[in-house]
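This report refers to the structure that appears directly beneath it.
Nothing in this text is a laboratory measurement; each read-out follows from the coordinates by a stated rule. This is a predicted model, so every value here is computed, not measured. Counting neighbours? That spans all protein chains shown, and the Cβs are built from the backbone with ideal geometry, glycine included.
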Amino acid sequence: MTNDVYILGVHSTPFKRWADKSFKQLTREAYLGALADAGLGKCPPIEAAWFGNCLMHYWGQVSARGNVCFIPLVREGLFPERAPIVNVEGGCATASLALAAAFKEIRAGDADLTLALGVEKLYDPDNQPAMLAEFERGLDTFDPREWEEHYSQVGRDVGKPFEKSVDRTVAMDTYAMQASLHMKLYGTTAEQIAIGAAKNHSNGALNPNAQYRFEMTPEQVLQDRMVSDPLTRSMCAPIGDGAAAAVLCSESFLRAQPETVQRRAILIRGLAVTGGKYRLPDEPSLSRTAADRAYKMAGIGPRDIDVAEVHDATSFCEIYQSEMMRFCDTGEGGEFIASGATKLGGSLPINTSGGLVSKGHPIGATGLSMCFELAMQLRGEAGTRQVANAQIALQENGGGVIGLEEAIAAVILYERAS
């Protein structure tokens with residue numbers, strides 16, 4: 001027998017370049033914000049916490065990252081003494097993996113109240129090129145020739161040489177390879193990618209937590225500086241900082257809370273995590289497998305989804321993940337986005353937060369910021385970007401790179417509990 005698991009409280013800091021805030025300060029803000037949103041007191045009986053971060057080593061803290069960040073909170077009586085804090089890292093999927101771990105402990109019956117938190121600082125005002133170089137560590141650093149040769153072959157196949165540059169992350173080059181391949185196989189266009197990017201920048205303009213808060217037209221997106229053809233700057237997620245957190249609970253814990261708290265709880269209907277490989281060019285991604293498993297666990301299908309947040313580290317990814325989540329057929333993602341179906345007011349709004357390209361992408365916090373956005377949508381608390389009558393939501397988040405896909409991916413399905 002397994003137990004139902006609920007999101008009791010969520011919080012996200014604004015995503016921006018927080019040069020004046022430390023990891024400990026961002027952690028505190030996300031944690032206390034989630035407690036307040038959950039209606040919990042000063043030091044609730046949290047039994048375990050999962051702490052997500054990728055690049056704190058760059059700033060000098062190599063190990064025990066979450067434990068160090070929570071020291072002041074324990075000392076001040078804000079986090080329970082002796083509750084374990086487990087450190088999690090999975091590239092850009094880190095925060096979703098922290099959420100998955102917090103979910104599984106409650107589902108197994110080993111806890112009633114857990115915490116997932118992710119935090120990241122990517123902006124170094126003194127040496128940004130050094131930070132950009134860190135992103136290559138999301139690929140195989142032991143045998144780099146393997147992926148370099150792989151992308152070189154893909155480049156030859158699509159007529160686009162694979163060329164790295166110090167002015168961008170290698171991840172943008174890998175996404176450019178994937179976009180170019182999709183364009184060759186299915187006729188996807190740069191204009192379709194630009195339509196998705198412009199849509200998300202317009203959504204981000206409505207989100208007070210977004211790093212970029214301005215509208216764009218597809219034409220402006222296409223005219224922006226080229227990063228890695230066919231991806232312009234406006235199609236790529238920016239460098240920034242931030243933190244997000246979620247408090248999870250069992251049904252028995254939830255039913256002991258006030259009615260006002262119970263009404264805002266979000267049920268986790270399905271959750272699946274899958275691993276990457278060097279897939280064939282026309283083979284579905286690991287996120288398709290994760291989606292199918294999550295749908296099966298929840299007993300629902302893609303037509304039941306009312307709103308979604310997918311991992312658009314570049315705007316091409318929204319096209320591709322729309323296909324992998326089965327929102328449209330393979331090869332039809334470009335047309336699906338261009339049709340307006342994914343806009344606010346469309347049949348399936350995607351990335352109402354602004355997505356990673358507008359909301360921002362502090363990689364260790366991203367998955368939980370998706371959770372925050374979808375919780376707001378399902379509660380009816382998303383303000384001017386609210387999706388009408390949203391009942392069921394989907395989150396897709398991938399991290400690391402293996403060939404033409406991520407190293408790990410998570411798909412999570414949420415439902416309004418009341």
Residue 3-residue 74 pseudo-label distance in nm [points 7 Å out on the Cα-to-Cβ vector]: 2.3
Around residue 10: net Lys/Arg minus Asp/Glu count, Cβ-Cβ under 14 Å: -2
All-pairs alpha carbon distance profile, the chain, 20 Å steps from 0, percent: 29, 60, 11, 0
Label point distance in nm, residue 293-residue 252, each placed 7 Å from Cα along Cα→Cβ: 2.8
Region 265-283-region 47-81 distance, computed between alpha-carbon centres (Å): 28
Value of relative contact order over the chain, rounded to a whole percent, pairs C-alpha under 8 Å and six or more apart: 25
Per-pair calculated FRET efficiency, R0 = 51 Å: residue 152 and residue 418 via Cβ, rounded to 0.05: 0.40
Expected 222 nm ellipticity per residue - DSSP helices of 4 or more, -39500 (n - 2.57), all of the chain, to 500: -11000 deg cm²/dmol
Amide hydrogen neighbours beyond the local backbone of residue 241, cut-off 5 Å, H modeled: 16, 17, 18, 122
Share, in percent, of DSSP beta bridges within the chain that are antiparallel, nearest 5: 75
Relative contact order %, region 129-225, counting alpha carbon pairs below 8 Å whose residues are six or more apart: 20
Estimated FRET transfer efficiency when R0 is 56 angstrom, pair residue 389-residue 126 (beta carbons, to 0.05): 0.70
Rounded to 10°, Cα long-axis angle of helix 170-186 versus longest principal axis of the chain: 60
Förster radius 25 Å - calculated FRET efficiency between residue 279 and residue 134, Cβ distance, rounded to 0.05: 0.50
Residue order, fewest to most surrounding Cβ atoms within 10 angstrom, among 164, 16: 164, 16
For residue 87, distant residues with modelled amide H under 5 Å away: 51
Separation between Cα centres of region 227-254 and region 364-412, rounded to whole Å: 8
Neighbour-limited loop hits for chymotrypsin sites (Phe, Trp or Tyr not before Pro), region 228-303 (at most 12 other Cβ within 10 Å; DSSP other than H, G, I, E, B): 278
